[in-house]
1. Could you please find all residues in region A:114-161 being touching a residue at least 40 places away in the same chain (Cβ under 8 Å), part of a loop (DSSP other than H, G, I, E, B) and facing chain B (nearest Cβ under 7 Å)?
2. Could you tell me whether A:F117 is crowded, with 17+ Cβ neighbours inside 10 Å, farther than 28 Å from A:G266 by Cα and of a type in the set (F, W, Y)?
3. Going through region B:46-79 one residue at a time, which ones are assigned to a helix (DSSP H, G or I) and charged (D, E, K, R)?
4. Since B:A179 meets every condition but one in (1) touching a helix residue (DSSP H, G or I) at 6+ places or on another chain (Cβ under 6 Å); (2) modelled with pLDDT of 90 or more, which condition does it not meet?
5. Restricting attention to region A:66-86, which residues are in a helix (DSSP H, G or I) and surrounded by 11 or more Cβ atoms within 10 Å (Cβ to Cβ)?
6. Please enumerate the residues belonging to region A:139-168 that are within 30 Å of B:V278 (Cβ to Cβ) and surrounded by fewer than 17 Cβ atoms within 10 Å (Cβ to Cβ).
7. Which members of region B:65-91 meet the condition of being surrounded by 21 or more Cβ atoms within 10 Å (Cβ to Cβ) and either without any contact (Cβ under 8 Å) to a residue 24 or more places away in the chain or touching an Asp or Glu at 6+ places or on another chain (Cβ under 6 Å) (or both)?
8. If you scan region B:113-160, which residues turn out to be at the interface with chain A (Cβ under 10 Å from one of its Cβ atoms) and part of a loop (DSSP other than H, G, I, E, B)?
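The values are calculated or read from the model by the stated rules, or taken from the named source; none is laboratory data. Quick caveat: nothing in here was measured; it's all calculated off a predicted structure. As a convention, Cβ positions derive from the backbone with ideal geometry for all residues, glycine included, and neighbour counts pool all protein chains shown.
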Amino acid sequence: MSSITSAAEAATRPSPHRPVRRRRPLRTVLARIPALAAVGLLLIVVVGPLVWLLLGSFKTQREFLEQPVWALPQQWSFDNYVQAWTTGNFAQYLGNSALTVLPALFLMLLLGSMAGFALEVLVWKGRGTVLLLFLAGIMVPTQLILLPLFTVYFQTGLTGSLWPLFITYTATGLPLTVFLMATYFRAVPREVFEAATLDGAGIVRSFFLVGLPMVRNALLTVGLVQFFFFWNDLLIALTFTNSTDLRTLQVGLLNFTGQFGSIEYGPLFAAICLNVFGMLVIYLLLNQRVQKGLTAGSVKG
Amino acid sequence: MNPLLGDRRSTMILVGPALLVYSLVMLVPVVWSLGYTFFEGNAIVGFSFVGLQNFGDLLGDTKVHDALWFTLKYALVITIGQVAIGYLLSLLYVFVLRRSSSIVRTLVFFPVVLPTVAVGLLFQQLFAIAPQNGLVNSFLNVFGAESVDWFGDGASAFLVIAIMDIWRSMGFYGVLLYAGLVDIPEEVLESARMDGATGWKLVRSIVVPLSAPVLVSALIFSINGTLKVFDSVLALTNGGPGTSTSPLTILMFQTSFTNGQYGYGSSIALLLTMICLVVTVFIFRASRRDLTKG
């Protein structure tokens, strides 16, 4: 596992393979053409569907049914987006997703970093066992815990609110968070905390005042990784949302075609677009961190 | 031992809440779920003890056999596809694009962060045939080929699922494996080149063995993810046509929530968990043996 985390750190380092700059003979230039063609094809395959999606989101139903699929939209109107947002209940779904994912992220990071700190920095009997217990959670498939949770939420009357989602996200995110935070605390010299404790801060206070600020980069990375897991989650959301009012963005999108009876292509494309390009904004701002974080999170199995 | 950082009360305050939440919401349900496998019924109508009947049913149920077969086939094909194409990408990044690979890496990685449901619906439209051809069928028509009803039978639906999941995840494996390749010291490659190893020979005899550990972790990660596939199949084909593309996860979901059979659903979930464990241990041990041999 340590090989993965160190490898992930290397992902953002500039490559050590320095090509020596010298005049290339014509033969090597020609030899590069197949490779460059491969790159071009690769980019078309990756970007093409997304461009097609964006174009489609501006088309009218008529254009969808009568024009060839690669025709450009006749006018750039945002009607489809308005329809997806209002008739498609998108505003509410977005609210539900934000209301469950963001508080769950916050609580998970708080509890996870506290536990990670205690497991890595503090000295106590049984910490090896507890760390192993948390690691075991990384292997547990969500399917195995859904039914008991459903029973409990049903019997305690939490079904019918957003609480089941919030609680389940927080807990299922903990194992990976604890594991990653413990790894990050390993890099902080113990003397820092010893000094803080000697100065009379107390261990809990020195965690909040000294420990947390030192790993704030790690918090952002782990938070980002878990954000993608929670935000894109379908299984948990599908299980615990038993009414239209509770649907998250993903469940809403899955049921989107049902909202209108027959398929309205424009609003459907606009709805997919909102989902896709919302992520694009986050990705453009933080792509290095996302790549590094998600590959480091690959211990999650 | 360090008395300064060994206060019991502080330890409890820091590790207690996480351990409590984790135990209540994950550990207890796992044990509870194992208990369910001996019962039938659900949360609403109540439960009754049936002993080992659920496991007996599991052995003889053709639906389970089909779902198991699909899950294994899917996991095998997608894992090989993801890791192989990811590896080709990482070779492309390191040996062809070199320092200018950053922008390509970033672009190809982008689909990884997209919601699976959104990608599933997009691919439904890309491969659509009615009422209007999608991009893929239109493309086929240009070359004089007939439109294909991609979601009309299990085999072609499987192909679309495979294409979609590889499209979605190849950037991830590209970056993961790239990180392993970058760690290979330049001197090793240089001396191999001097010994006359170039192109595929260099890759096969030097690069692949040296990146074996990260390849193994990519394999383990990929097989664990693909055995548990749910979102992409649900969004793209909903297990259809019929149940021809239903993996164990979808069967478990339907058994539990559509049919209300919690006990049987838990047995299917347990079967899935055991498969994941066995496969992981198997790959891990196989790779360890190979490493000590070489």
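1. Within region A:114-161, A:V121, A:L122 qualify.
2. yes
3. Answer for region B:46-79, where residues must be assigned to a helix (DSSP H, G or I) and charged (D, E, K, R): B:D57, B:K63, B:D66, B:K73.
4. The one condition B:A179 does not meet is (2).
5. Those that are in a helix (DSSP H, G or I) and surrounded by 11 or more Cβ atoms within 10 Å (Cβ to Cβ): A:D79, A:N80, A:Y81, A:V82, A:Q83, A:A84, A:W85, A:T86.
6. A:M139
7. Correct list: B:I78 only.
8. Across region B:113-160, the qualifying residues are B:L114, B:P115, B:A128, B:P131, B:Q132, B:N133, B:G134.
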